[in-house]
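Scroll down for the structure; my scribbles are underneath it.
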């Protein structure tokens, strides 16, 4: 015979019998078991951010493993059935760009669009073939984790992808590059039937057949940036055009336009962002240069994306860059002699420049040098004071420079005047100079007497610098003197 006694009945009997029962208080330290994933449970050196991670290499090829290592600040678990605080979830949710290859089929990796599924990481992107790479990894007591992702052909292509690490509600991303040179050359191609890469027969040194051809790699992706011309006048419209070449591109590009004018006005940079998508996408912008003296200067356009940075320079000048014609109103005439010729030399990177002035011929007319202008552009901000130009005549006279023996050493812009009168080889010239401590250092030399030519025919320009990148531009206006 046996007696069945419930827990409640036993507890009542103990009270009746006068027995003392232990006090069960859930806040009592005796019943607070340290959480394995709590930073208080052990001595840990924790990062400043909730999630930090790194990868082992800058780029990968097919067959490699992407080794991810990192650390999180562990969250205290209050629900032991919820294991989400014990794991990180690593995915490659999207491609920012894929490179065009000889075997490219033009298809885009489908982006991961579903939410994270902590119970089944393989379901975190069921709408995308990239979801086959999803990884769930457990953290240790201090929040450290390590994982590997196989670089699988077909799932991945040559390109730039986003690697995403999520812990609880915090996500951190980093770009990774897949670049397999043999695949880029077309020597191997993805087989969508067998699911593996196979020799394409396009390259030599694989099968030994005479029909095999050595195929060079296609050009790598780049950002092309142009303007409809290099020089403008104040108030003129500038057509800026850009294109992502040799890639399927799915990201933003950011454009910044900055001016280095010769006036004292400060102009805020113009910024634009373009969301691009598709095969070799394009973007464009129409910019109107400021009117008057405030528009004169050099303008730098910079475009950045995950593919890198590209820049383009154009200038705005107060001299017309359009050739004048002798009989502008009689365009139907069979032969028109030029009234002005502009001889331009752009983007000179050397430090010593010889300038020789001669004469130009148009039909039976002789055009003589009237105006000499030069511009020095310093690419890096902050180097303006350490990069300068010096202009000398063939006789050694320093016309413009920072030495005390030079005729002009500082900006000629004064109240009511922009020129300084300088005698060169016995003849008076109006010299205009921007000054030295500017990104665009400019000068203009013109005879004081109207309708006369520059008689000093040989000039020497020296760019005083160390290894800073610079570009020097100069032009001579040849006119028909009457």
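Bear in mind these aren't lab numbers, they're just calculated from the coordinates by the rules spelled out. Worth saying up front: this structure is predicted, and the values here are computed from it rather than measured. Glycine gets a Cβ as well: all are built from the backbone with ideal geometry, and neighbour counts include every protein chain shown.
Okay, here's what the table says:
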quantity	calculated
In nm, spacing of pseudo-spin labels at residue 417 and residue 169 (7 Å Cα→C-beta vector)	7.0
Distance in nm between pseudo-label sites at residue 59 and residue 465 (7 Å out along the Cβ direction from Cα)	2.9
Mean Cα-pair separation over length for segment 328-482, i.e. relative contact order, pairs under 8 Å, 6 or more apart, %	39
Separation between Cα centres of segment 453-468 and segment 275-291, rounded to whole Å	37
Förster-model FRET efficiency, 41 Å R0, residue 409 and residue 220, C-beta, rounded to 0.05	0.30
Fully extended contour minus Cα-Cα distance, from residue 152 to residue 428, at 0.36 nm per residue	91.9 nm
Length gained when the stretch residue 179-residue 344 is fully extended (0.36 nm per residue, less Cα-Cα span)	55.2 nm
Shape category assigned to segment 270-311 from the gyration tensor of Cα positions, a/c cut at 1.5	prolate
Simple label model, 7 Å out from Cα along Cβ direction - residue 481 to residue 241, nm	4.1
Where only alpha carbons of segment 340-479 are counted, the Rg and the Dmax (Å)	15.0, 50
Sorted by Cβ neighbour density within 10 Å, fewest at the top, the residues 307, 270	270, 307
All-pairs Cα distance distribution in segment 222-316, expressed in whole percent, bin size 5 Å	3, 13, 26, 22, 15, 10, 6, 3, 1
Backbone N under 17 Å from the residue 437 label point (7 Å along Cα→Cβ), restricted to segment 239-261	261
Per-peptide average of other Cβ atoms within 10 Å, ordering 155-167, 349-361, 230-242, 64-76 highest first	155-167, 64-76, 230-242, 349-361
Cβ-based exposure ranking for 49, 280, in which fewest neighbours within 10 Å come first	49, 280
Extension gain (nm, one decimal) between residue 311 and residue 291, 0.36 nm per residue minus Cα-Cα	4.8 nm
